[in-house]
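The values are calculated or read from the model by the stated rules, or taken from the named source; none is laboratory data. On a predicted model such as this, the values are computed, not experimentally measured, just so you know. We place every Cβ from the backbone using ideal geometry, glycine too, and count neighbours over all the protein chains shown.
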Amino acid sequence: MMEYYPDKKEIILDRELSNLDRLVIDFCNLLDSYVLVSGYVSILFGRSRGTEDVDLLIPLMSYPQFNKLWLKIHENGFECVTNSRTDDAFEMLKKHAIRFSISGKPTPNIEFKIIKTDLDKYSFGNRIKVKMGKESLFISPLEMQIAYKLFLAADGTDEELMSDKDIEDARHLYKIFKDKINKDELLIFINKLNVKKRLKWLK
Amino acid sequence: MVKMKAEDVKVDLEEMKKFKVENARERLKFIDFWADYIKTHSDKEWSRQQNMLIDSQIPENL
């Protein structure tokens, strides 16, 4: 059974790694620092669904740093799906996400974004280490993830929201960690993201 | 069975709407069931089952 130590910001997970986990670990091992956010976090903790992309945030870097990383990524069997030139990719990264995948296999891919907003900064600064045997990954704090997933769900009627994958992701994470998460912190993000009306989907 | 033409198909939207709601409710129920399963079984056990779904979409790589 997984063990979550909120004070240490650490989760011990004894799962069998999926091919998706291996891809994410291989990619993340090439990075100095990062935080995984959004759908993959739910999948890592058992959500039974596939995905086309894995969202990842990294701190701002200079062009020489980016160029070095670009080469490292390409030397290790990945390629950029969105850009073929390093300078274009670097420019694009300032405003948008760029995507990397295993060479010749565009999906699933890693959606790679620079940390910009306060929510991004919070995710990175309070990231949780998930230890899986010899491997580990850094994920966004669960309280923020749950609120963010509720926020991501498309606007719509209750009937439409009921089958939204983001609502399902939020509910899954909440059900798994409800005894361990910080409810006050969850409410802070629920209020900041103005999704109080969507709280009912967690219960 | 006689081959039907698309224009002859009658759709009861009220019935379809009920089906949609029921389907979504069942999905939420399954999420609760699966979360309970995860919490009461070893990580190895639930992940083995989850991997059947994930690995069927993502073949072994690298």
*Answer residue from the range A:27-64, given it is aliphatic (A, V, I, L, M), touching a strand residue (DSSP E or B) at 6+ places or on another chain (Cβ under 8 Å) and assigned to a helix (DSSP H, G or I) and is nearest to residue A:131 (Cα to Cα) among those*: A:44
*Among the candidates A:15, A:49, single out the residue that is within 11 Å of chain B (Cβ to nearest Cβ), under 19 Å from the mean Cα position of the chain (by Cα) and modelled with pLDDT of 95 or more.*
A:15
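Residues checked against (1) at the interface with another protein chain (Cβ under 7 Å from one of its Cβ atoms); (2) surrounded by 13 or more Cβ atoms within 10 Å (Cβ to Cβ):
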| site | (1), (2) |
| --- | --- |
| B:4 | no, no |
| B:10 | no, no |
| B:15 | no, no |
| B:19 | no, no |
| B:35 | yes, yes |
| B:42 | yes, yes |
| B:45 | no, yes |
| B:48 | yes, yes |
| B:52 | no, no |
*asked:* Restricting to the range A:80-90, and then to whatever is touching a helix residue (DSSP H, G or I) at 6+ places or on another chain (Cβ under 8 Å), not in a loop (DSSP other than H, G, I, E, B) and not aromatic (Phe, Trp, Tyr), can you tell me which residue is farthest from residue B:31 (Cα to Cα)?
replied: A:87
*Would you mind listing the helices (runs of 4 or more DSSP H) fully within the range A:120-203 where at least 3 residues are under 20 Å from the mean Cα position of the chain (by Cα)?*
A:142-152, A:165-177, A:183-192
*asked:* Can you tell me which of (1) more than 30 Å from residue A:191 (Cα to Cα); (2) of a type in the set (S, T, N, Q); (3) buried (at least 17 other Cβ atoms within 10 Å of the Cβ) is the one residue A:65 doesn't meet?
replied: (3)
*If you check A:84, A:123, A:101, which single one turns out to be small (Gly, Ala, Ser), touching a strand residue (DSSP E or B) at 6+ places or on another chain (Cβ under 6 Å) and away from chain B (no Cβ under 14 Å)?*
A:123
